[in-house]
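Take a look at the structure below.
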Amino acid sequence: MYLDNERRPTLTPQLAVRVAVIGGMALVAFAVIFFRLWFLQVLSGDKYLAEANDNRVREIKVQAPRGEIVDREGRVLVRNRVGYAVKVTPASLPEDEGERGEMYARLARVLAMRPRVIERRVEKQLDQLPFATATVKTDVPQAFFAYLLERQERFPGVTIERVFLREYPHRDIGAHLFGIVGEVTAEQLKSERYRGVDMGDRVGQSGIEASYDRFLRGKNGATRVQVDALGNLSRELATREPQQGRQLRLSVDLDVQRVGQEALASGTGAGAFAVMDVRNGEVIALGSQPSFDPNIFAKSVKQSDFKRLNSEVYGKPLFNRAIQGGYPTGSTFKLLTATAALESGLITPDTVLYDGGSITIGNIVFKNAGGAAYGALALRQALTVSSDVFFYQLGRDMDGRGDGLALQRWSKRLGLGRRTGIDLPAEEPGRIPTPGWRNRLYKKGLTDRPWSVGDNVNLSVGQGDIAANPLQMAVAYATIANGGRVLRPRLGMRIEDAAGRALQQLDAPTARRLKIDPSFRLAILEGIRGAASAPGGTSTEVFAGFPIPIAGKTGTAEKGLGRPDQSWYVALAPYPDPKYVVAVTDEAGGFGAETAAPMARRILAELFDVGERRIVAGGGRSD
């Protein structure tokens, strides 16, 4: 035997490199796994624990009641009431389609609905927000609540929740001011204005409810509950109480608002009025006729309701004539014509013009209402008797004077043909016709003729293509009354807590200022004071015996095409230092002294608490 002296092969350099690489890779892999485990368990443990808890914890929203709306005296205008809503929780519905259909059929019999309607309503809401509860019917009677509660086993997934619904105790009084609430839309949710609002929340959609929604809207509460793996309720964990929205105090006086709407309703059924403080722009009352009961929108906004209330057949009750109407103003516009003629230097308060009952301009004869002739007149007397011929001459002469736009320029400055800026949405600017406006229409073939001097003549007495509303006329008259401050009307006075304690004052923006000669202002006010008190004044008989001194102007606007004349009256009181302006119009009321002026007297009687509620005109003359 011999010893085997052969040695085992030595580790080659190449093999050593390979072993080192493989070992390094293994070390890196183990390091990555170790770091990941450390990251998940140490650094992210709380996060994943919270997510795990969320899988077994549900948060049920508790709706917050909106803030109340009160008038200037603290009387409730809009409040909340508690109702019951039938809802469906998707996780608790029967999994079997047949069983679910049977449950819908049973629920439909209880709620007097069709099963397919319930199913579609639930599916539509769950498509938008899969894990929320779907509302089947809002504001069910309490008897339904008890019936469903006692038979939960027959209605799996059906729950009854308490909800807060808007209530308008005065029904159609002030309806156009308050507006309506409705579920937030997808577009609104994208807006910064609705930050914090969730799908299904109800927000203001029109009127004051929309303008001050961020204050009126409360903060929702929530109830956190624990559920098992199947989504069934296990126990309640915690509750965060909802916070009611802030209370809003308006400048509106409920009594004046009610009397104003009663006065309008006593007319032809279509019209509007505005009552405003001439010193600060606070709106005391603002109404439109016909009105509507906003309680019909408290539960849900139905397209059928919108269609009916926007129908011409019913007089378009949703249309707010006080800020959206576009009307010829008749002789109430003469105050603006007088201001433009004086400030442009065309006349002075003592300039005398002759009124022979008619005047021919071009090939058209313009006549006074009723064929009256007043002879030689200065401005004060012309306003008192409402001489059309006097103002026709001013309109004619201003059309060819300078740039020919003095009348239009001063009308705009006084607030017509532009939005007043009231804190209500959907206000319309109206229109003051100009040569450029009409000539553009003519070039497009939308009218049969270009501008002519006759258009300015018509505008001087509030006829033709002018379009204005009562609030704009109130702003214009207030500007003359207060010495040249063009006010921005405001309804909101302040934000309060539930006890009525002031939290935030809602001051109106600074008024625009016009430079109006004090002697011109005095002459105009004396002229319309005579119209309400002097012999021959257009509304002297209407205000005979009225204890508050009034300065006011009638207006009778012809609308053509066989339509009845529109009746107007604008009053300033008390004279000579006016505090309030009242503007009233009736779309088919005829002479201003016969319809609108008596309405204004009823409003003024309530405003000054002089004990008159129903005043009938005493045969006032036309204008």
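The values are calculated or read from the model by the stated rules, or taken from the named source; none is laboratory data. Since we're looking at a predicted model, the values are computed, not measured. A quick note on method: Cβ atoms are made from the backbone with ideal geometry, for glycine too, and the neighbour counts reach across all protein chains shown.
For every residue, the table says whether it meets (1) among the basic types (Lys, Arg); (2) farther than 24 Å from Phe608 by Cα; (3) out of contact with any Gly (no Cβ under 7 Å at 6 or more places or on another chain).
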position	(1), (2), (3)
Pro549	no, no, yes
Arg563	yes, yes, yes
Trp568	no, no, no
Ala571	no, no, no
Lys579	yes, no, yes
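Working only within the stretch 522-577, note down all residues that are over 16 Å from Arg602 (Cα atoms) and assigned to a helix (DSSP H, G or I).
Matches in the stretch 522-577: Leu522, Ala523, Ile524, Leu525, Glu526, Gly527, Ile528, Arg529, Gly530, Ala531, Ser533.
If we only count strands (runs of 3 or more DSSP E) wholly inside the stretch 232-349, which ones have 3 or more residues that are hydrophobic (A, V, I, L, M, F, W, C) and either crowded, with 23+ Cβ neighbours inside 10 Å or outside the structural domain of Gly537 (by TED's automatic domain parsing) (or both)?
Strands (runs of 3 or more DSSP E) meeting the threshold: 233-240, 271-277, 283-289.
Just to check your reading of the model, which residue among Ile432, Ile480 is buried (at least 21 other Cβ atoms within 10 Å of the Cβ), modelled with pLDDT of 95 or more and under 16 Å from Pro328 (Cβ atoms)? Show your work before the answer.
Working: Ile480 fails: under 16 Å from Pro328 (Cβ atoms).
Ile432 is the lone residue from the list that is buried (at least 21 other Cβ atoms within 10 Å of the Cβ), modelled with pLDDT of 95 or more and under 16 Å from Pro328 (Cβ atoms).
Checking Leu487 against (1) surrounded by fewer than 20 Cβ atoms within 10 Å (Cβ to Cβ); (2) out of contact with any Lys or Arg (no Cβ under 8 Å at 6 or more places or on another chain); (3) within 27 Å of Arg249 (Cβ to Cβ): exactly one of these is not met. Which one?
Among (1) surrounded by fewer than 20 Cβ atoms within 10 Å (Cβ to Cβ); (2) out of contact with any Lys or Arg (no Cβ under 8 Å at 6 or more places or on another chain); (3) within 27 Å of Arg249 (Cβ to Cβ), Leu487 violates only (1).
Conditions first: (1) out of contact with any Phe, Trp or Tyr (no Cβ under 8 Å at 6 or more places or on another chain); (2) farther than 26 Å from Asp201 by Cβ. Lys299 passes all but one, so which condition is the exception?
All conditions pass for Lys299, except number (2).
Could you list, in sequence order, all residues of the stretch 196-220 that are small (Gly, Ala, Ser) and modelled with pLDDT of 80 or more?
Keep residues of the stretch 196-220 that are small (Gly, Ala, Ser), which gives 196, 200, 204, 206-207, 210-211, 218.
Gly196, Gly204, Ser206, Gly207, Ala210, Ser211, Gly218 - these are the residues of the stretch 196-220 that are small (Gly, Ala, Ser) and modelled with pLDDT of 80 or more.
Within the stretch 107-125, which residues are assigned to a helix (DSSP H, G or I) and small (Gly, Ala, Ser)?
Filtering the stretch 107-125 for residues assigned to a helix (DSSP H, G or I) gives 107-111, 115-125.
Hit for the stretch 107-125 is Ala108, nothing else.
Across the stretch 497-518, which residue is modelled with the lowest pLDDT among those that are under 30 Å from Glu343 (Cα atoms) and surrounded by 12 or more Cβ atoms within 10 Å (Cβ to Cβ)? Full working, then the answer.
Residues of the stretch 497-518 that are under 30 Å from Glu343 (Cα atoms), as a first pass: 508-518.
Narrowing the set further to residues that are surrounded by 12 or more Cβ atoms within 10 Å (Cβ to Cβ) leaves 508, 511-512, 514, 516-517.
Values: Ala508: 79, Ala511: 87, Arg512: 93, Leu514: 96, Ile516: 97, Asp517: 97.
Among residues in the stretch 497-518 that are under 30 Å from Glu343 (Cα atoms) and surrounded by 12 or more Cβ atoms within 10 Å (Cβ to Cβ), the one modelled with the lowest pLDDT is Ala508.
State all residues of the stretch 102-116 that are farther than 24 Å from Phe164 by Cα and out of contact with any Asp or Glu (no Cβ under 8 Å at 6 or more places or on another chain); if no residue qualifies, say none.
As a first pass, look at the stretch 102-116 and keep what is farther than 24 Å from Phe164 by Cα: 102-106, 109, 114-116.
Correct list: Glu102, Met103, Ala105, Arg106, Arg109, Arg114, Pro115, Arg116.
Go through the stretch 594-623 residue by residue and tally those that are crowded, with 23+ Cβ neighbours inside 10 Å, in a loop (DSSP other than H, G, I, E, B) and at pLDDT 95 or above.
Looking only at that region, the number is 1.
Taking the criterion of being in the same structural domain as Gly483 (by TED's automatic domain parsing), surrounded by fewer than 19 Cβ atoms within 10 Å (Cβ to Cβ) and farther than 24 Å from Gly462 by Cα, would at least one residue in the stretch 553-568 satisfy it? Break it down into steps so the answer makes sense when it comes.
Taking the stretch 553-568 and keeping what is in the same structural domain as Gly483 (by TED's automatic domain parsing), we get 553-568.
Of the ones still in play, those that are also surrounded by fewer than 19 Cβ atoms within 10 Å (Cβ to Cβ) are 558-564.
If we keep only those that are farther than 24 Å from Gly462 by Cα too, we end up with none.
No: the stretch 553-568 contains no residue that is in the same structural domain as Gly483 (by TED's automatic domain parsing), surrounded by fewer than 19 Cβ atoms within 10 Å (Cβ to Cβ) and farther than 24 Å from Gly462 by Cα.
Yes/no matrix, rows are residues, columns are (1) under 15 Å from Val352 (Cα atoms); (2) in contact (Cβ under 8 Å) with a residue 60 or more places away in the chain:
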| position | (1), (2) |
| --- | --- |
| Phe390 | yes, no |
| Arg409 | no, yes |
| Arg418 | no, no |
| Pro425 | no, yes |
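In the stretch 407-445, which residues are in a loop (DSSP other than H, G, I, E, B) and either farther than 28 Å from Leu471 by Cβ or not assigned by TED's automatic domain parsing to the domain that holds Pro489 (or both)?
Here is the first cut: in the stretch 407-445, the residues in a loop (DSSP other than H, G, I, E, B) are 414-430, 432-434, 444-445.
Answer for the stretch 407-445, where residues must be in a loop (DSSP other than H, G, I, E, B) and either farther than 28 Å from Leu471 by Cβ or not assigned by TED's automatic domain parsing to the domain that holds Pro489 (or both): Lys444, Gly445.
Can you find a residue that is out of contact with any Ser or Thr (no Cβ under 9 Å at 6 or more places or on another chain), surrounded by 11 or more Cβ atoms within 10 Å (Cβ to Cβ), closer than 17 Å to Thr339 by Cβ and of a type outside the set (Lys, Arg) anywhere in the stretch 519-530? Working first, answer last.
Narrowing the stretch 519-530 to residues out of contact with any Ser or Thr (no Cβ under 9 Å at 6 or more places or on another chain): 522, 525.
With surrounded by 11 or more Cβ atoms within 10 Å (Cβ to Cβ) added as a condition, the list becomes 522, 525.
Narrowing the set further to residues that are closer than 17 Å to Thr339 by Cβ leaves 522, 525.
Imposing the further condition that a residue be of a type outside the set (Lys, Arg) reduces the set to 522, 525.
For the stretch 519-530, residues out of contact with any Ser or Thr (no Cβ under 9 Å at 6 or more places or on another chain), surrounded by 11 or more Cβ atoms within 10 Å (Cβ to Cβ), closer than 17 Å to Thr339 by Cβ and of a type outside the set (Lys, Arg): present.
May I ask you to list pairs of residues, at least six apart or on different chains, whose Cβ atoms are under 6 Å apart, with the first in the stretch 61-90 being among the hydroxyl-bearing types (Ser, Thr, Tyr) and the second being modelled with pLDDT under 90 and assigned to a loop (DSSP other than H, G, I, E, B)?
Tyr84/Val140; Thr89/Thr133; Thr89/Gly157
Does Ile364 satisfy the condition of being in the same structural domain as Gly330 (by TED's automatic domain parsing), of a type in the set (A, V, I, L, M) and touching a strand residue (DSSP E or B) at 6+ places or on another chain (Cβ under 9 Å)? I'd like the intermediate steps shown before the answer.
Values: in the same structural domain as Gly330 (by TED's automatic domain parsing): yes; of a type in the set (A, V, I, L, M): yes; touching a strand residue (DSSP E or B) at 6+ places or on another chain (Cβ under 9 Å): no.
Here the answer is no, as Ile364 does not meet what is asked.
Within the stretch 286-334, how many residues are at pLDDT below 85 and closer than 22 Å to Leu250 by Cβ?
2
Given the condition in contact with a Leu (Cβ under 8 Å, 6 or more places away or on another chain), under 30 Å from Asp350 (Cα atoms) and of a type in the set (Lys, Arg), answer yes or no: does some residue in the stretch 549-565 qualify? Lay out the reasoning, then the answer.
Filtering the stretch 549-565 for residues in contact with a Leu (Cβ under 8 Å, 6 or more places away or on another chain) gives 550-553.
Narrowing the set further to residues that are under 30 Å from Asp350 (Cα atoms) leaves 550-553.
Then keep just the ones that are of a type in the set (Lys, Arg); that gives 553.
Within the stretch 549-565, one or more residues are in contact with a Leu (Cβ under 8 Å, 6 or more places away or on another chain), under 30 Å from Asp350 (Cα atoms) and of a type in the set (Lys, Arg).
Pick from Val197, Val158: which is surrounded by 14 or more Cβ atoms within 10 Å (Cβ to Cβ), on the phi < 0 side of the Ramachandran plot and free of Cβ contacts under 8 Å to residues at least 60 places away in the same chain?
So the residue among Val197, Val158 that is surrounded by 14 or more Cβ atoms within 10 Å (Cβ to Cβ), on the phi < 0 side of the Ramachandran plot and free of Cβ contacts under 8 Å to residues at least 60 places away in the same chain is Val197.
Report the residue count in the stretch 144-202 for those that are among the aromatic types (Phe, Trp, Tyr) and in a loop (DSSP other than H, G, I, E, B). Step through it out loud before you land on a result.
Looking only at the stretch 144-202, we keep the residues that are among the aromatic types (Phe, Trp, Tyr), and these are 144-145, 147, 155, 164, 168, 178, 194.
Subset that is in a loop (DSSP other than H, G, I, E, B): 155, 168.
So the count comes out to 2.
Run down Val461, Val475, Val453, Val486 and say which single residue is among the aliphatic types (A, V, I, L, M), under 24 Å from Pro518 (Cα atoms) and over 29 Å from the mean Cα position of the chain (by Cα).
Numbers: Val475 fails: over 29 Å from the mean Cα position of the chain (by Cα); Val453 fails: under 24 Å from Pro518 (Cα atoms); Val486 fails: over 29 Å from the mean Cα position of the chain (by Cα).
After ruling out the rest, the residue left standing is Val461.
Results for (1) of a type outside the set (Lys, Arg); (2) surrounded by 13 or more Cβ atoms within 10 Å (Cβ to Cβ); (3) at pLDDT below 85, shown as yes or no for each residue.
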| residue | (1), (2), (3) |
| --- | --- |
| Gly24 | yes, no, yes |
| Val42 | yes, no, yes |
| Asn55 | yes, no, yes |
| Ile60 | yes, yes, yes |
| Val70 | yes, yes, no |
| Asn80 | yes, yes, no |
| Asp96 | yes, no, yes |
